[in-house]
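What follows draws every value from the coordinates through simple rules; no lab data is involved. Every value quoted in this text rests on a predicted model; they were computed, and no experiment measured them. Every residue, glycine among them, receives a Cβ derived from its backbone with ideal geometry; neighbour counts consider all protein chains shown.
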């Protein structure tokens, strides 16, 4: 499997949202917990912090990722700050170009912008009634080159989904020629679109295991080989990660990931009642019936293990050619447990990937 001249050591980043599993949790406290995780990532030398965009869902609270990233810019010095992801169909190209550039100005050139077509029908129904995944993908592919050209200036657009006279982003980004753009990719066409348009690639196997990690890397390498005129972009793997030292802790971590994916699946299916931004809770009996999200499969498929076990798993990922590994910390565990596992990752896993 070709690495396409990938030489540097794999970097680490943090991917996290605010998550509200209990109605008793205050949103302010959840944000403070989120900031605490970001502080650990900055102090631990992570390359980036990523947070996403979701609407009307206490499961992943992130109505505009630029807002917390700008707040983080005032609290941090070195870490890059990324949207993972902007849901392209919910934005206008001029609005995204301007707000992305303004965020880049405020953060003094630390913004990365990752985009996707979105995933939740719940959000489509409320922000863009009638939108389907195919049309959302079309909007993503139309938006990316449009935003890049608006940053350049005096660009008029006559597309399928948007039409507007010549316009220039005001302000323009600090970074030249513009902030790095990433595309959340899964199918081969998405990889090829990203590479052909000079974008980096963000992938996640979700609940699937190492075979899918290899499969996603192969799709990226195939896209690079089909576009020899383009310099190899970066590829980031975002994966649920839980590191602990005792078997009891690891079992609890696997159960927390099982709970997360059961709720994720329920939101994705969009067939349960939602009240006050919270989905009707699943019973333990309902969760037990979802075999693909069982704690045993979560333990096997995700990076769940002792520091030595996690290092071994991550070295395989690095050897595949991934440039960045994003520690995905969304799960149903308490903030204190999340902080503990992230601190252990920083202390005992990260040093194994640093050159002498």
Item to check | Length added when fully stretched, residue 186-residue 28, from 0.36 nm per residue minus Cα-Cα | outcome: 53.5 nm
Checklist entry - So what's region 11-353 giving for Rg/Rh, alpha carbon basis, Kirkwood Rh from the mean inverse pair distance? => result 0.95
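Which FRET efficiency, nearest 0.05, do residue 347 and residue 39 yield, Cβ-Cβ r, R0 22 Å? Let's see the in-between values first.
Values: r = 15 Å, r/R0 = 0.67.
The formula returns an efficiency of 0.90 here.
Given a Förster radius of 56 Å and the C-beta distance between residue 309 and residue 154 as r, what FRET efficiency does 1/(1 + (r/R0)^6) yield to the nearest 0.05? Working shown, then result.
Details: r = 54 Å, r/R0 = 0.97.
Taking R0 as 56 Å, the efficiency between residue 309 and residue 154 is 0.55.
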Checklist outcome for this item: So, with points 7 Å from each Cα along the Cβ direction, the residue 78-residue 230 label distance in nm works out to 3.1
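By per-residue mean of other Cβ atoms within 10 Å, what is the highest-first order of 106-119, 56-69? Can you show the working numbers first?
Working: 106-119: 21.7, 56-69: 18.9.
Highest mean packing first, the order is 106-119, 56-69.
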Item to check | Structure-based [θ]222 nm, the chain - -39500 (n - 2.57) summed over DSSP H runs of at least 4, per residue, nearest 500 | outcome: -13500 deg cm²/dmol
Checklist outcome for this item: Heads up, region 16-100 by the C-alpha gyration tensor (a ≥ b ≥ c square roots of eigenvalues; a/c under 1.5 rounded, else a/b over b/c prolate, else oblate) looks oblate
Checklist entry - For residue 166 and residue 336 in the same chain, what is the full-extension length gain: residue separation times 0.36 nm, less their Cα-Cα distance, in nm? => result 56.1 nm
Checklist entry - How high is the FRET efficiency from residue 247 to residue 133, r the C-beta distance, R0 41 Å, rounded to 0.05? => result 0.50
